[in-house]
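A quick write-up on the structure given underneath.
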Amino acid sequence: MADPAFQQCLNPACAATYDVAQVLVACTRCGNLLDIRYDWGKLPTIKSLSYFEHRWSTKGVGVEGTLDFSGVWRFRELLPFYRREEEIVTIGEGRTVLQQADLLARQLNMNPGKLLLQYEGLNPSGSFKDNGMTAAFTHARMVGAKKVACASTGNTSASLAMFASLAQMRGIVFIGSGKIALGKLSQALDYGALTLQIRGDFDDCLRRIRQVAVDMPELGIYLMNSVNPFRLEGQKSIMYRILEAMDWQSPDWVIVPGGNLGNCSAFGKAFSELKELGLIKKIPRLAIVNASGANTLNELVSRRGLKWNGGAFDASLIQRHYAALDESNYRPHTVASAIEISRPVNLPKALRALEVMNGVTLEVTDDEILEHRAMVARWGFGCEPASAASVAGLHKLRESQTIGADETVVCILTGHELKDANATVKYHTGIDLSAAQELAPRSEPKGKLSNRPVVVDDDLKAIIAAMEGRG
Ligand code: F0G
């Protein structure tokens, strides 16, 4: 294995390694998630994070500056899995800002200068997902993928569709019934992805996409959900940009909404690597905020004491929880549709991130999410409902004195306000303008580029037929 980058099973008791050019979403030996790892000794040494400072001044839109223009790839030495720079698929993602929000801080009884918002809604497709997609598409190109697919609550599908069009690959997205915010759906259609609306929820869609992409390799589909470890490599850059904006000093806390738990996992990996490389002294604490109608992580961690435990976490706690969900036919439900997930695929990695970052979990109600979304709009700048879970979570952590008024806190605003304008209009007017639950068109669309969604039963044969245009 000559590459400095390789894939490795996250279970320390297994630790199987795989070539970086293999297409895998789980360890073939024990079934656990995979990490991208680096043999840092084989890579050029970076002595200090200030090494990255010149990149802002060299950014440009020409060939030379393209990688520095990206807020992900200007940190490319910290995600060096690619083999040739020409293979990198980038659209200028990650050019986001960290903004001091004193007016909002006052509402939460925090001292001026102490609350910062990392506005990932400023990405090209309007959410943090672009940070990860640029990395996963780079890997997809490296291995010659032609068809890429994901299950999504909306933002992943928007981002995938955008990058698929850019990379000239066939994009396929699975979305659940009546669960997707219109802004996100419109993006997937507009960017030209084949959009299958499966009669089920996100967890059903994810199960199906794994069947077609993982269990049926003959279909030649490259899986873009966050079980793809390359996605998380790109998402690490959100932490690099925060450090960059703070003169390479860590904040006291990072607060993030938790859905499929990819983002928080990437944050933990970013900080454990920076520490390993001797590039930071302090690791911030992490708070992961669930919606109370989709609270698997908080239930297992805060109420049942689940811990990473050096990799020997109690998997039976998770299995028992999922069995109980099945038995009661439980369906997650929250106004924050982006995080309406009850079987988060990155749960073990999130447990590890909680350990690395001395983290906590908590949950917030839909009312708290909606009120804090409106507060972010009025006193910060807007975000979609799921993103506001971070600010609602901060409010709770302030009330319980877990976070002090003078601690420096960064809340990640994961998605743009306009992604879910309906939630905003409904909050202010009481009127629900959301689309029909099912997307079957009532009349033939007439546009030259019209891209109709396909409604399909939660049935493998029907799904494959629809994917192959036989629906
Ligand atoms: N915030 C927004 C706006 C999201 O779209 C998501 C996830 C999250 C937070 C949670 O992040 O999954 O890394 O814990 N959306 C996924 C999707 C699931 O399909 O777009 P996570």
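The values are calculated or read from the model by the stated rules, or taken from the named source; none is laboratory data. For clarity, every value in this text was computed on a predicted model and none was experimentally measured. No Cβ is skipped: glycine too gets one built from the backbone with ideal geometry, and neighbour counts run over all protein chains shown. These accessible areas exclude ligands, DNA and RNA; they are computed on the full protein's heavy atoms, side chains included. Shrake-Rupley method; radii C 1.70, N 1.55, O 1.52, S 1.80 Å.
Considering only residues that are without any contact (Cβ under 8 Å) to a residue 24 or more places away in the chain and among the aliphatic types (A, V, I, L, M), which ones fall in segment 280-322?
Within segment 280-322, A315, L317 meet the criteria.
Go through segment 392-420 and give me each residue that's surrounded by fewer than 16 Cβ atoms within 10 Å (Cβ to Cβ) and under 17 Å from G183 (Cα atoms).
Within segment 392-420, L418 is the sole residue that qualifies.
Confirm whether L325 is outside any strand (DSSP E or B), modelled with pLDDT of 95 or more and farther than 20 Å from F271 by Cβ.
Considered against the rule, which asks whether it is outside any strand (DSSP E or B), modelled with pLDDT of 95 or more and farther than 20 Å from F271 by Cβ, L325 comes out as yes.
Just the residues that are among the hydrophobic types (A, V, I, L, M, F, W, C) and within 13 Å of the ligand (Cβ to nearest atom), please, taken from segment 393-434.
Scanning segment 393-434 gives C411, I412, L413, L418, A423.
Hey, does segment 386-403 have a residue that's of a type in the set (V, I, T), within 17 Å of the chain's Cα centre (by Cα) and either farther than 16 Å from L261 by Cα or not in a strand (DSSP E or B) (or both)?
There is no residue in segment 386-403 that is of a type in the set (V, I, T), within 17 Å of the chain's Cα centre (by Cα) and either farther than 16 Å from L261 by Cα or not in a strand (DSSP E or B) (or both).
Only one of these is in contact (Cβ under 8 Å) with a residue 12 or more places away in the chain, away from the ligand (no atom under 16 Å from the Cβ) and of a type outside the set (S, T, N, Q): E340, E276. Name it.
Criteria check complete, one pass: E276.
Are there strands (runs of 3 or more DSSP E) fully within segment 213-319 with at least 1 residues that are open to solvent by 20 Å² or more (accessible area, probe 1.4 Å) and not assigned by TED's automatic domain parsing to the domain that holds Y38? List them.
Correct list: 285-291.
Checking G380 against (1) more than 13 Å from the ligand (Cβ to nearest atom); (2) touching a Ser or Thr at 6+ places or on another chain (Cβ under 8 Å); (3) at pLDDT below 95, which test does it fail?
(2)
This table checks each residue for (1) touching a strand residue (DSSP E or B) at 6+ places or on another chain (Cβ under 7 Å); (2) free of Cβ contacts under 8 Å to residues at least 60 places away in the same chain; (3) more than 16 Å from the ligand (Cβ to nearest atom).
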{"site": "D102", "(1), (2), (3)": "no, yes, yes"}
{"site": "A105", "(1), (2), (3)": "yes, yes, yes"}
{"site": "K114", "(1), (2), (3)": "yes, no, yes"}
{"site": "P124", "(1), (2), (3)": "no, yes, no"}
{"site": "T138", "(1), (2), (3)": "no, no, yes"}
{"site": "R141", "(1), (2), (3)": "no, yes, yes"}
{"site": "A145", "(1), (2), (3)": "yes, no, yes"}
{"site": "A151", "(1), (2), (3)": "yes, no, no"}
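Please work out which residue is surrounded by the fewest Cβ atoms within 10 Å (Cβ to Cβ), limiting yourself to segment 185-212 and to residues that are touching an Asp or Glu at 6+ places or on another chain (Cβ under 9 Å) and in a loop (DSSP other than H, G, I, E, B).
Filtering segment 185-212 for residues that are touching an Asp or Glu at 6+ places or on another chain (Cβ under 9 Å) and in a loop (DSSP other than H, G, I, E, B), the one surrounded by the fewest Cβ atoms within 10 Å (Cβ to Cβ) comes out as R199.
Is it the case that T361 is assigned by TED's automatic domain parsing to the domain that holds F313, of a type in the set (V, I, T) and open to solvent by less than 30 Å² (accessible area, probe 1.4 Å)?
Judged against the criteria, T361 is a match.
Hey, among E87, E93, which residue is closer than 30 Å to E468 by Cβ and more than 14 Å from the ligand (Cβ to nearest atom)?
None of the other options fit; the residue is E87.
Quick one: which of V356, V335 is in the same structural domain as L108 (by TED's automatic domain parsing) and either buried (at least 24 other Cβ atoms within 10 Å of the Cβ) or under 21 Å from G183 (Cβ atoms) (or both)?
Testing whether each residue is in the same structural domain as L108 (by TED's automatic domain parsing) and either buried (at least 24 other Cβ atoms within 10 Å of the Cβ) or under 21 Å from G183 (Cβ atoms) (or both) leaves just V335.
To keep it simple, each residue is scored yes or no on (1) in contact with a Cys (Cβ under 9 Å, 6 or more places away or on another chain); (2) open to solvent by 10 Å² or more (accessible area, probe 1.4 Å); (3) in a helix (DSSP H, G or I); (4) within 16 Å of A181 (Cβ to Cβ).
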site: N131; (1), (2), (3), (4): no, no, yes, no
site: A135; (1), (2), (3), (4): no, no, yes, no
site: A140; (1), (2), (3), (4): no, no, yes, no
site: G144; (1), (2), (3), (4): no, yes, no, no
site: V148; (1), (2), (3), (4): no, no, no, no
site: A151; (1), (2), (3), (4): yes, no, no, yes
site: S157; (1), (2), (3), (4): yes, no, yes, yes
site: S165; (1), (2), (3), (4): no, yes, yes, no
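Going residue by residue through segment 372-390, is there one that turns out to be open to solvent by 30 Å² or more (accessible area, probe 1.4 Å) and out of contact with any Leu (no Cβ under 9 Å at 6 or more places or on another chain)?
Yes, segment 372-390 has at least one match.
Name, by its number, the condition in (1) within 16 Å of the ligand (Cβ to nearest atom); (2) under 26 Å from M216 (Cα atoms) that does not hold for D130.
(2)
Exactly one of (1) open to solvent by less than 50 Å² (accessible area, probe 1.4 Å); (2) touching a residue at least 60 places away in the same chain (Cβ under 8 Å) is unmet by L325. Its number?
(2)
Is one or more of the residues making up segment 173-184 away from the ligand (no atom under 14 Å from the Cβ) and buried (at least 24 other Cβ atoms within 10 Å of the Cβ)?
no
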